[in-house]
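A.B. asks: Would you mind keeping the following structure in view while I ask a few things?
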Amino acid sequence: MTTKKDSSFYNSNPLKIFFSYYRPHLKYFVLDMICATLIALIDISFPVVTKYAIDSIIPNQNFKFFAVFCLAIFATFLLRKLFTWFVNYWGHYFGVLVETDMRRDVFSHLEEQSFSFYDKNRTGKLMSRATTDLFEITELAHHGPEDFLISILTLIGSFVLLLKIRVELAVIVFIFVPLTILVTILSRKKLSESSKNVKETTSEINANLESSISGIRVTKVFTNEEYEKKRFENENKNFLNAKKIFYKNMSNFHSNVEFFMNLLSLLVLVLGGFFIMNGKMLISDLVAANLFIQAFSSPIRRLTFFVEQFTTGMAGFKRFLEIMKVDTSIKESQGAKEISFSRGNIKFENVSFSYTDGIEVLKNINLDIHSGQKFALVGLSGGGKSTICNLLPRFYDITEGKILLDGIDTKLITLKSLRKQIGVVQQDVFLFAGTIKENISYGKIGATDEEIIAAAKKAEIHEDILKMPNGYDTIVGERGIKLSGGQKQRVSIARCFLKNPPILILDEATSALDTATEIKIQHSFDALSKGRTTLIIAHRLSTIQNADCIAVVGEKEILETGTHAELLAKNGAYAKLYAPL
């Protein structure tokens, strides 16, 4: 397990970042490079021993030595097979380890981001950054350095040995190899751009696919299946066009390299044939030269393949870096202290809040909420009620002012211990696609069955669960689709009972329910709120008439506060909201 990297680290050189992921698995990488080096040495030695056999062993008809000689070559090839097996198995495994570490880091990074990050980024695109974009990393991490090392060693070794056979042949190779590499570099830019475009169109497809599947029930209600198909078809065509351009550039890339390699073989044949016909070179020299050309062609093909891999792999890696450079995580103050239990006294002092795009949502909010108090926030939609509640657990950070918990600035409390003091029940309940037991126990990971059942009983969902096909092991389906709205809400309440926080936020938790179900849920809320500081965002004013204090939120600020009776007597903003009832 690698140590966590600071977000600023991802602003350094991309290759430095890339190779930092090699460090934890260095033993596999070193062994891979050793095997790759031995493979290269065997490859460049074969033309030399072939020339020796043709010049010295075969003409002398030394059958016994020739047999031993061939067996030695066979044994060398067996060793090469072993080295190749290691490179292919453990080398690829090393690549997967690197990819896995990157995926772990990007997921960890996503988990740490604030709500504002998810306000701006689509789920499908984020999924692409953690999956599709990293697929080629395995091949690049493994084959990149290996192909580069084998290629350089083979090219240098073959060139030196070719000089001993014929200087003129070595000069031709010396001219052609850089020329081929130059063509490769020139082709790389277009290949890189088209590869990045493929990544981007793939992420668009993933985003639209995730959105369409998540909203399939809405699609069917409005009979918009054809619209969704056409929308997806357009994205699919964009992907097809991006792939077409990529393959066109890739084909230009490979065909250019192949042409230069074939031209090199032809020139060696022409020049070698000319020297032989003039008695200046032996046939064995030409055979060895051709074998060296084959030895040359392999590393050049490896280099071109490396360029393609580098292009596609780094396109994904750059998108990985893009997301890792974005850091909206809520920062803890140096020396922030952990609290074990809060009394639930909350104070907002001149709190203002703006989103990162500069839109002001709250201005000079002052609230004093006492321990055990039932405090309601009411007002028209969009007034900032939910934002006030989201500022308390620091899901967003305030722009100005202070929020105090038991007299301590929340910025001086560790995030984990702060959020442990707060339970949230929302209108739109999210349940994971597991069992009811797993969803309730999310409130306290590792809770016993007895604790889970006790929480379910308090939330008045226990009897409903027992009537289900598999009881607590019943699968709730994607987003809890197999449960009714009331059942989902009570599962979320049971989750809060299990967490047992001293502060509770009820964010319009019953507004989507029918009246009969709301009455049942209200009993659960009354039980859950007992002995806790409770912030209630109310949609139906009838549900908060017995609140200890009510604050009316509007126009980015608190318009008035008081009890139900006091606010009605003022005949102000609250009275106007209440009048239609």
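A.B. asks: Could you tell me how many of the residues in region 530-540 are over 14 Å from Gln427 (Cβ atoms) and either surrounded by fewer than 17 Cβ atoms within 10 Å (Cβ to Cβ) or out of contact with any strand residue (DSSP E or B) (no Cβ under 9 Å at 6 or more places or on another chain) (or both)?
C.D. replies: 2
Table: residues versus (1) touching a Pro at 6+ places or on another chain (Cβ under 8 Å); (2) within 26 Å of Glu111 (Cα to Cα).
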| position | (1), (2) |
| --- | --- |
| Glu338 | no, yes |
| Arg343 | yes, no |
| Val361 | no, yes |
| Ile365 | no, no |
| His370 | no, no |
| Ala376 | no, no |
| Gly384 | no, yes |
| Cys389 | no, yes |
| Ile398 | no, yes |
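A.B. asks: So, in region 409-466, of the ones that are of a type in the set (A, V, I, L, M) and surrounded by fewer than 21 Cβ atoms within 10 Å (Cβ to Cβ), which residue ends up farthest from Ile505 (Cα to Cα)? Give the derivation first.
C.D. replies: Step one: of region 409-466, the residues of a type in the set (A, V, I, L, M) are 412-413, 415, 418, 422, 424-425, 429, 431, 433, 436, 440, 445, 447, 452-456, 459, 461, 465-466.
If we keep only those that are surrounded by fewer than 21 Cβ atoms within 10 Å (Cβ to Cβ) as well, we get 412, 415, 433, 445, 447, 453-454, 466.
Values: Leu412: 21, Leu415: 17, Ala433: 24, Ile445: 21, Ala447: 22, Ile453: 23, Ala454: 21, Leu466: 28 Å.
Going through the qualifying residues, I end up with Leu466.
A.B. asks: Let me ask something else about it. Restricting attention to helices (runs of 4 or more DSSP H) lying wholly within region 61-173, give those where 2 or more residues are outside the structural domain of Phe19 (by TED's automatic domain parsing) and more than 30 Å from Glu322 (Cα to Cα). If you could, list the steps in order and put the result at the bottom.
C.D. replies: On the way: elements: 63-112, 115-120, 123-130, 137-165.
Ranges flagged: none.
A.B. asks: Oh, and also: Quick one: in region 528-581, of everything that is aliphatic (A, V, I, L, M) and assigned to a loop (DSSP other than H, G, I, E, B), which residue is farthest from the chain's Cα centre (by Cα)?
C.D. replies: Of region 528-581, the ones aliphatic (A, V, I, L, M) are 528, 535-538, 541, 544, 547, 550-553, 558-559, 565, 567-569, 573, 575, 577, 579, 581.
Applying the additional criterion that residues be assigned to a loop (DSSP other than H, G, I, E, B) yields 538, 547, 579, 581.
On the way: Ala538: 37, Ala547: 44, Ala579: 50, Leu581: 49 Å.
Ranking the qualifying residues of region 528-581, first place goes to Ala579.
A.B. asks: If we keep just the residues of region 1-43 that are among the small types (Gly, Ala, Ser), over 27 Å from Ser151 (Cβ atoms) and part of a helix (DSSP H, G or I), which is modelled with the lowest pLDDT?
C.D. replies: First pass over region 1-43, keeping only residues among the small types (Gly, Ala, Ser): 7-8, 12, 20, 36, 40.
Cutting the leftovers down to over 27 Å from Ser151 (Cβ atoms) gives us 7-8, 12.
This time we only want the ones that are part of a helix (DSSP H, G or I), so: 7-8.
Working: Ser7: 64, Ser8: 70.
Per the stated criteria, the residue is Ser7.
Yes or no, residue by residue, for (1) under 30 Å from Ile152 (Cα atoms); (2) not hydrophobic (A, V, I, L, M, F, W, C):
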site	(1), (2)
Phe18	yes, no
Asp32	yes, yes
Pro47	yes, yes
Tyr52	yes, yes
Ile58	no, no
Asn62	no, yes
Phe83	yes, no
Val98	yes, no
Ser116	no, yes
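A.B. asks: Here is a check on your reading of the model: is Asp368 touching a residue at least 12 places away in the same chain (Cβ under 8 Å) and out of contact with any helix residue (DSSP H, G or I) (no Cβ under 7 Å at 6 or more places or on another chain)? Even if it seems obvious, please write down each step before you answer.
C.D. replies: Values: touching a residue at least 12 places away in the same chain (Cβ under 8 Å): yes; out of contact with any helix residue (DSSP H, G or I) (no Cβ under 7 Å at 6 or more places or on another chain): yes.
Criteria met by Asp368.
A.B. asks: Output the number of residues of region 309-358 satisfying the condition of being under 17 Å from Ser8 (Cα atoms) and not in a helix (DSSP H, G or I). Steps first, please.
C.D. replies: Step one: of region 309-358, the residues under 17 Å from Ser8 (Cα atoms) are 317-332.
The next check asks that each one be not in a helix (DSSP H, G or I); those that pass are 326-332.
Residues that pass the stated criteria total 7.
A.B. asks: On to the next question. Which of the residues belonging to region 348-400 are under 11 Å from Ile537 (Cβ atoms), among the hydroxyl-bearing types (Ser, Thr, Tyr) and crowded, with 16+ Cβ neighbours inside 10 Å?
C.D. replies: Ser386, Thr387
A.B. asks: Does region 267-315 hold any residues that are aromatic (Phe, Trp, Tyr), modelled with pLDDT under 75 and surrounded by fewer than 22 Cβ atoms within 10 Å (Cβ to Cβ), and which are they?
C.D. replies: Phe305
The values are calculated or read from the model by the stated rules, or taken from the named source; none is laboratory data. On a predicted model such as this, the values are computed, not experimentally measured, just so you know. Heads up, the Cβs are rebuilt from the backbone with ideal geometry, glycines too, and the neighbour counts pull from every protein chain shown.
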